[in-house]
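The values are calculated or read from the model by the stated rules, or taken from the named source; none is laboratory data. For clarity, every value in this text was computed on a predicted model and none was experimentally measured. Note that we place each Cβ from the backbone using ideal geometry, even for glycine, and neighbour counts take in every protein chain shown.
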Amino acid sequence: MLHEAANAAIKQTKLKRDKEEAQRLVQEGKERAELLLAEMNHRIANSLALVASLARMQASTVQDRGAQTALQEMQVRISAIAGVHRKLYTSSDVRFVELGSYMHGLIGEISTAVDLNGRYHFRINVDDDLKISTDKAVSLGVIVTELVTNAVKYAYPDGGGEINISIRSCGGDRCRLHVEDQGVGWTGEGAVQGTGLGTKITRAVACSLQASVIYEPAERGTRAVLEFNCKS
Ligand SMILES: Nc1ncnc2c1ncn2[C@@H]1O[C@H](COP(=O)(O)OP(=O)(O)O)[C@@H](O)[C@H]1O
Ligand SMILES: [Mg+2]
């Protein structure tokens, strides 16, 4: 009887030790995977930043104005995606991106790349603590890049002006992006001044958010709006 009880106690202790060991291994594996993911995002961000700076260098060597603009825009598009990965390796949860700080970084990059004389005043207004999934952040980054570059390129032909970017919750799981200027105005229709590539990119990317960019009537200038689901 005593022997049986002793055996059961030994078995219990062994089971407990095995369970603790298994839990330790799972925790170690999780920490290693998180570290690797952060390292991966760091590398992707750095590699993309390198590609962006190659595009910038190329832009500075070409004489043709059109080619120069195309390369500058390419640089900004690549930087927009690099920015998401940069945010991810400092984040505690790689599934989500904090939109406010991402947007401030992104607009900073755009202004450095395309607003060399500091003629534009960018105002950014993003709801506090608004987080969206990594995929959605990439899509939103690309769309904001196109809309803001357009405002810089076309809104104020005689000089600079104000460009407002806001992302606010509009109830439930819905969020609304606004990119506004007080320039010459664009309704989304009519003869384009440039290539129309930005519109194609925006349309395709917005589709992945199951949304589309619309141009709301504005008293002055252009008011581009995108409503999307920021949760699922
Ligand atoms: N904020 C804006 N203000 C004035 N015109 C704009 C604005 N945004 C877009 N446009 C017009 O829309 C056209 C299409 O833009 P887009 O598709 O991005 O192509 P691209 O930038 O290559 O010209 C531009 O050529 C321009 O005529
Ligand atoms: Mg464009």
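For region 138-156, filtered to residues that are under 13 Å from the mean Cα position of the chain (by Cα) and hydroxyl-bearing (S, T, Y), the residue that is farthest from ligand 1 (Cβ to nearest atom) is S139.
Is it the case that A204 is within 9 Å of ligand 1 (Cβ to nearest atom) and farther than 20 Å from L99 by Cβ? It is false that A204 is within 9 Å of ligand 1 (Cβ to nearest atom) and farther than 20 Å from L99 by Cβ. When S133 is tested against (1) more than 16 Å from ligand 2 (Cβ to nearest atom); (2) at pLDDT 95 or above; (3) small (G, A, S), only condition (2) is not met. The set of residues in region 197-214 that are over 17 Å from R176 (Cβ atoms) and not small (G, A, S) comprises L197, T199, K200, I201, R203, C207. The single condition among (1) more than 15 Å from ligand 2 (Cβ to nearest atom); (2) within 22 Å of Y102 (Cα to Cα) that D158 does not meet is (2).
Using the structure shown, decide if D64 is surrounded by 10 or more Cβ atoms within 10 Å (Cβ to Cβ) and farther than 30 Å from D93 by Cβ. It is false that D64 is surrounded by 10 or more Cβ atoms within 10 Å (Cβ to Cβ) and farther than 30 Å from D93 by Cβ. Against the test of being in contact (Cβ under 8 Å) with a residue 60 or more places away in the chain and either touching a Leu at 6+ places or on another chain (Cβ under 6 Å) or at negative phi (or both), the options A80, A22 yield a single qualifying residue, A80.
Reported count of residues in region 50-86, each being of a type in the set (K, R) and away from ligand 1 (no atom under 16 Å from the Cβ), is 2.
Could you say whether any residue in region 89-99 is among the basic types (K, R), over 24 Å from G188 (Cα atoms) and at pLDDT below 95?
Looking through region 89-99, at least one residue is among the basic types (K, R), over 24 Å from G188 (Cα atoms) and at pLDDT below 95.
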